[in-house]
1. Note the angle between two axes, namely the Cα long axis of helix 3-25 and the longest principal axis of the Cα atoms of the chain, as a number of degrees from 0 to 90, rounded to the nearest 10.
2. So for the pair His1, His14, with labels modelled 7 Å out along Cα→Cβ, what separation do we get in nm?
3. Work out the length of the dipole vector of the chain about its Cα centre, built from +1 on the beta-carbon of each Lys and Arg and -1 on the beta-carbon of each Asp and Glu, and round it to the nearest 20 debye.
4. What is the angle, in °, between the Cα long axis of helix 34-49 and the longest principal axis of the Cα atoms in the chain? Nearest 10 is fine, range 0 to 90.
5. By the scheme Lys and Arg +1, Asp and Glu -1, what is the net charge of all other residues having a beta-carbon under 15 Å from that of Ser22?
6. Measure of size requested: the Rg and Dmax of the chain, with Cα atoms as the atom set and Å as the unit; please supply both.
Amino acid sequence: HDPVAEAAAAVWVHGEAARLASRARHAPGHPIQARQIADAIPPVIGGILGA
């Protein structure tokens, strides 16, 4: 295992999830919450796996 690659992948997944969560929110001026980012992680990973 490459810890640097794993950390980079985690940062990328988090960023993609945050992007999806912010698109879904459509509320300018209201920051997204950590739970919204966490809820968006499965679709991001599913997209990576082709699910």
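1. 20
2. Simple spin-label model gives 1.7 nm for this pair.
3. 320
4. 50
5. Result for the neighbourhood of Ser22: +2.
6. Final numbers for Rg and Dmax: 12.2, 40 Å.
Where a number appears in this text, it was derived from the coordinates with a stated rule and is not lab data. Being a predicted model, the structure only gives us computed values, none of them experimental. We place every Cβ from the backbone using ideal geometry, glycine too, and count neighbours over all the protein chains shown.
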